Amino acid sequence: MCGIMGYIGAKKASPILIEGLEKLEYRGYDSAGVAILDEGKIQVRKFKGKLSILKLDVEENPIEGNMGIGHTRWATHGEPSDVNSHPHKSSDGKIVVVHNGIIENYMEIKEELKSFGYKFLSDTDTEVIAHLLEYYYNGDILEAVKKAINKIEGAYGLGIIHADNPDMLIAVKKDSPLIVGIGEGENFIASDIPAVLKYTRKVYILENHEMAIVKKDSISLMKTDGTPITKEVFNVTWDVEAAEKGGYEHFMLKEIYEQPKAIRDTLLPRLSNGVDIKMDSINISKEYMKNLRRIYIVACGTAYHAGLIGKDILERYVRIPTIVDIASEFRYGYPFIDQNTLVIVVSQSGETADTLAALRLSKEKGARALAITNVVGSSIARESDDVLYTWAGPEIAVASTKAYTTQILALTLLALDMATKNESIAHEDKECIIENLTHLPSKVEEILSNVENINSIAEEIYRSQSMFYIGRGIDYDVAREGSLKLKEISYIHSEAIAAGELKHGTLALIEEGTPVIALVTQDRLYDKTLSNIKEVKARGAYVIAIAKEGNSEIQKSADKVIYIPDVIDEITPVPSIVPLQLLSYYVAYKRGCDIDKPKNLAKSVTVE
Ligand code: F6R
């Protein structure tokens with residue numbers, strides 16, 4: 001995710017752009033920049049770091065000019081740096097582009113343009129668009145845009161300005177949000193409505209394959225092939241704060257609902273024609289696999305819980321012993337690490353102090369380190385030998401949701417890749433998992449479109465003092481994450497127990513009405529967990545089962561059932577956690593908790 005803002009009118013553009021970008025910082029905040037056209041020349045200012053750095057620079061050295069585009073970045077291609085920041089210029093400096101999204105075929109285009117003599121300054125996918133526009137420009141910028149759009153593949157919200165066309169901004173949209181703000185004698189483009197709300201409540205919301213030519217006094221809308229279109233004006237009724245959260249009341253809820261997209265973004269670039277895995281960013285060869293003796297997965301909190309699921313799929317298909325450890329334990333333990341060990345560190349922020357220390361320790365002892373992280377250029381990404389990014393976009397709420405589901409997917413893809421190289425997975429198994437992964441985004445959408453049952457269960461349990469989550473195998477791993485989600489945002493005491501362990505102690509705590517959330521999604525463990533449900537039921541528990549669609553039998557044993565779509569057992573953790581995230585959210589909401597900023601917790605834990 002990144003944020004785009006554009007302005008054309010009679011006022012000075014730079015303060016308007018920066019103010020707009022401030023409202024978009026939730027979309028990314030690792031670098032920021034503006035490009036302003038003044039007297040036929042485009043000035044670009046861009047810096048790594050928070051928007052405040054750019055703001056200070058522009059305050060100290062103001063830029064004149066009444067039109068321009070700006071960008072706040074969440075790095076995908078190329079680490080955060082001044083040169084990788086947007087806007088990006090064409091070689092002649094006349095065309096400038098800001099971009100939100102990912103250009104999938106940028107390497108191919110880059111090579112082609114290089115062969116024509118174009119020189120690239122950055123590692124970004126966006127820079128190819130600026131050069132490509134220059135390459136196609138033949139006196140008509142619109143024609144050049146149409147040709148460039150035909151050539152690029154992937155997702156893009158684009159803001160484009162051209163020094164020879166000082167009266168227009170061009171906005172193009174495919175799979176990344178873009179709106180046009182309609183002002184009086186001035187107009188705007190932006191990734192999201194909050195950026196323009198100070199100036200107008202009237203906007204056009206662009207759809208895929210649409211573009212806009214935005215002038216001071218007019219807006220022309222068209223398809224990307226040039227066919228003119230008309231659109232209804234959308235009148236915004238929300239306030240700025242609600243708009244930043246996309247109309248959701250909390251960032252956590254917004255991020256729960258962003259999961260289908262985060263899953264798609266993490267999976268699709270790594271699925272080759274829907275039948276194989278392509279992992280360009282990591283370098284694990286068949287040769288390496290021959291000498292690999294053990295794997296560690298090291299992480300904290302939710303990321304540790306994702307690691308537990310990773311262990312299951314790695315051991316099942318790669319057939320190499322895999323140990324999952326909490327980073328703060330690992331770093332003071334006696335781990336078995338040598339050059340035949342792969343240490344996978346998992347971290348949303350890429351900055352967690354204990355995980356970083358575990359990574360450094362592993363490298364010192366000769367292990368190869370592979371990071372799964374959501375933040376390009378983070379310390380953990382920089383210090384690891386290989387990086388596999390989760391493309392979840394910035395996660396603002398303290399309670400991690402979309403990072404967890406995408407971490408599970410990254411681990412699943414990694415396991416499939418390693419198992420292929422290890423020749424330890426049957427072709428049919430791999431095909432079946434990939435097929436199921438492909439449908440995962442729509443399965444999660446299904447859950448998110450029908451939440452009433454979950455909300456009404458929350459109504460029944462939100463006054464509880466204590467709750468338990470039970471399951472076996474990966475259901476137990478998901479139970480641990482479900483339990484953490486509940487306790488951190490609702491402040492209800494909660495514990496996850498391996499269902500078979502109940503009778504060894506915890507059963508003593510089950511009383512009349514104690515909520516027990518029982519995950520029963522694993523076919524081979526179903527009967528066993530069902531017996532444990534009966535055990536807690538006999539002690540008065542109020543049982544809420546998470547089961548696969550089609551399992552009507554479970555209704556006889558549980559008080560309530562939350563169904564998840566039917567997927568193969570290996571990938572149930574993704575659909576299973578979504579209702580548990582929502583349940584925690586609704587419970588916390590009904591208790592009046594500060595959901596996005598729970599007490600005593602911080603988003604990034606950079607101290608030991
Ligand atoms: C819980 C949560 C934390 C983090 C943990 C690790 O919802 O967010 O448990 O998962 O602090 O953080 P990262 O993944 O940034 O290393």
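The values are calculated or read from the model by the stated rules, or taken from the named source; none is laboratory data. This is a predicted model, so every value here is computed, not measured. FYI the Cβ positions are ideal-geometry reconstructions off the backbone, even for glycines, and counts take in every protein chain you see.
Details
- So residue 308, is it within 16 Å of the ligand (Cβ to nearest atom), under 30 Å from residue 604 (Cα atoms), modelled with pLDDT of 95 or more and surrounded by fewer than 23 Cβ atoms within 10 Å (Cβ to Cβ): yes
- Selection from the range 340-361 of residues that are more than 27 Å from the chain's Cα centre (by Cα) and in contact (Cβ under 8 Å) with a residue 40 or more places away in the chain: 340, 341
- Summed over the range 451-478, the residues that are assigned to a loop (DSSP other than H, G, I, E, B) and surrounded by fewer than 15 Cβ atoms within 10 Å (Cβ to Cβ) give a count of 2.
- Residue check for residue 358: crowded, with 21+ Cβ neighbours inside 10 Å, away from the ligand (no atom under 14 Å from the Cβ) and farther than 16 Å from residue 410 by Cβ: no
- The number of residues in the range 489-511 being touching a residue at least 40 places away in the same chain (Cβ under 8 Å), in a helix (DSSP H, G or I) and within 35 Å of the chain's Cα centre (by Cα) comes to 2.
- Lone qualifier among 4, 53, 63 - being of a type outside the set (Lys, Arg) and either under 25 Å from residue 173 (Cβ atoms) or not assigned by TED's automatic domain parsing to the domain that holds residue 79 (or both): 4
- The range 146-228 holds no strands (runs of 3 or more DSSP E) entirely within its bounds that carry 3 or more residues that are outside the structural domain of residue 108 (by TED's automatic domain parsing) and modelled with pLDDT of 95 or more.
Listed here are the residues, each with its yes/no results for (1) without any contact (Cβ under 8 Å) to a residue 24 or more places away in the chain; (2) outside the structural domain of residue 455 (by TED's automatic domain parsing); (3) within 30 Å of residue 254 (Cβ to Cβ).
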residue: 519; (1), (2), (3): no, no, yes
residue: 524; (1), (2), (3): no, no, no
residue: 534; (1), (2), (3): yes, no, no
residue: 541; (1), (2), (3): no, no, no
residue: 545; (1), (2), (3): no, no, yes
residue: 550; (1), (2), (3): yes, no, no
residue: 568; (1), (2), (3): no, no, yes
residue: 580; (1), (2), (3): no, no, yes
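- Subset of the range 111-161 that is of a type in the set (A, V, I, L, M) and in contact with a Lys or Arg (Cβ under 7 Å, 6 or more places away or on another chain) - its residue that is farthest from residue 93 (Cα to Cα): 155
- Counted residues, the range 577-606 - those being among the hydroxyl-bearing types (Ser, Thr, Tyr) and within 16 Å of the ligand (Cβ to nearest atom): 4
- Subset of the range 417-429 (residues that are out of contact with any helix residue (DSSP H, G or I) (no Cβ under 6 Å at 6 or more places or on another chain) and assigned to a helix (DSSP H, G or I)): 417, 420, 427, 428, 429
- Residue-level check: of (1) within 14 Å of the chain's Cα centre (by Cα); (2) free of Cβ contacts under 8 Å to residues at least 24 places away in the same chain, residue 394 misses just (2).
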